[in-house]
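The values are calculated or read from the model by the stated rules, or taken from the named source; none is laboratory data. None of the values given here were measured: they were computed from a predicted structure. Cβ placement follows ideal geometry from the backbone for every residue including glycine, while neighbour counts extend to all protein chains displayed. Side chains included, ligands, DNA and RNA excluded: accessible areas come from the protein's heavy atoms. Shrake-Rupley method; radii C 1.70, N 1.55, O 1.52, S 1.80 Å.
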Amino acid sequence: IVIYSYTGFDAVANAAEETLNPQRDVPIGVVVTLATCAVLYVSLSIVLCGIVPYMDLDPAAPLVKAFDKDHANIPWARTFIDIGAVVGLFTVLLTGLYAQSRFYVGLARDGVLPKIFARMSGSSQTPVLATAAVGGVAGLLSLTPSLNTLEELLNIGTIFAYTVVCGGLLCLRAKSPRRTGAFALCLGVTVVCASASAHALGGVAASVIAVAAVVAASIPLFRARYADPRKPGEVWETEETDAAGAAALATGFLCPLVPLVPVLGVIVNAYLLSQCNWKAWVRFAGITLIVVAAFAVKVGLEMRREPDILLGNSMQAMTSSQLAG
């Protein structure tokens, strides 16, 4: 559940296109908001646990429980708590609609979604159709009979997305992106399997074996060669990143301590994935297969309409890859 406290910060990154100086402002916005909210979350948790023992908190309404007559005995505080909850839900919904609509615009530009979602309104220069689509999807999800089912699905989807981002960062910096991607995938699978096995078997020996397996799977990622585009004369071009793309990425914000930070991110997120129940995994896998199948059908239809163009692009990509190899 704690993962939901940190899912809104991608809205700052999604607003990069509407920022005057994104290379400077977006990293500052993400770090400052993340640090501020983390301090507020921790401070509130400390206060609550100081008022009410942790095991006595009501998961459905912990603040109300803390200020009732049996504990802090401040009944009038409930009014402010209710008002804050309503305002908080409203702002979260607005932030989600804003961020997700910009995400749809990016997917539409890349061809994953229909191009119509990338259209901007002539008067406001905002993605009206993408925003409406996000609102429609949110409305459909709100009809889910079981809130716990939706919660579990969103939980595993969010953690999986964070894991992919960490693995993608390793590929972006690596001299051999495909090999590094395979090692990152191996690390994620190892963490999930080792953690689940240690939890099922129990005991110190199982935990030690699980940790050893994770460390062994991490070694190839630390031994891989990574480039720092800010170093003079550093070559940072692969078959996936040309000179123009490397120059553009070099001028932006760069994650520090690569590969340590993304490797730790993969390990932590994969561990959280291992804690999701099997029903959430089945639902997530089913939805993923449906999305992948729909995308494959879309690509197949495009190939039927423009076979020569797509074939030419594929041949050009294969030739570039062979030359790079």
How large is the convex hull of the C-alpha atoms of the stretch 122-193 per residue, in Å³? 134 Å³
Karplus-derived 3J(HN,Hα) from phi for the stretch 214-222 (6.51 cos²θ - 1.76 cosθ + 1.60, θ = phi - 60°), whole Hz, x at Gly and Pro, runs 5, 4, 5, 6, 7, 4, x, 5, 6
Could you give each residue of the stretch 60-65 its phi-based ³J(HN,Hα) in whole Hz, using Karplus coefficients 6.51, -1.76, 1.60 with θ = phi - 60°, and x for Gly or Pro? 6, 8, x, 5, 4, 4
Which peptide among 200-206, 80-86, 266-272 comes first, and what is the full order, when sorted by highest mean count of other Cβ atoms within 10 Å? 266-272, 80-86, 200-206
If I model a spin label as a point 7 Å beyond the Cα along the Cα-Cβ vector, how far apart are those points for D82 and N21 in nm? 4.7 nm
Under the Karplus relation 6.51 cos²θ - 1.76 cosθ + 1.60, θ = phi - 60°, what is the ordered set of whole-Hz ³J(HN,Hα) values for the stretch 262-271, x standing for Gly and Pro? x, 5, 4, x, 4, 5, 5, 5, 5, 5
Search the structure for amide H atoms under 5 Å from the amide H of T126, placed 1.01 Å from N in the peptide plane, and list their residues when 5 or more places away or on another chain. S121
Total formal charge among the other residues, if their Cβ is under 15 angstrom from that of V291, Lys/Arg +1 and Asp/Glu -1: +1
Other residues with Cβ under 15 Å from the Cβ of I159 give, with Lys and Arg +1 and Asp and Glu -1, a net charge of -2
The distance between the Cα centres of the stretch 133-184 and the stretch 80-110, in whole Å, is 17 Å
What number, in percent, do you get for the relative contact order of the stretch 65-169 if the mean sequence gap of Cα pairs under 8 Å and at least 6 apart is divided by its residue count? 14 percent
Just the accessible area per residue of the stretch 108-160, please: how many Å² with a 1.4 Å probe? 61 Å²
Taking 0.36 nm per residue of separation between V292 and Q125 and subtracting their Cα-Cα distance, the length gained on full extension comes to 57.0 nm
Ratio of the Cα radius of gyration of the stretch 99-145 to 2.2 N^0.38 Å, where N counts its residues: 1.20
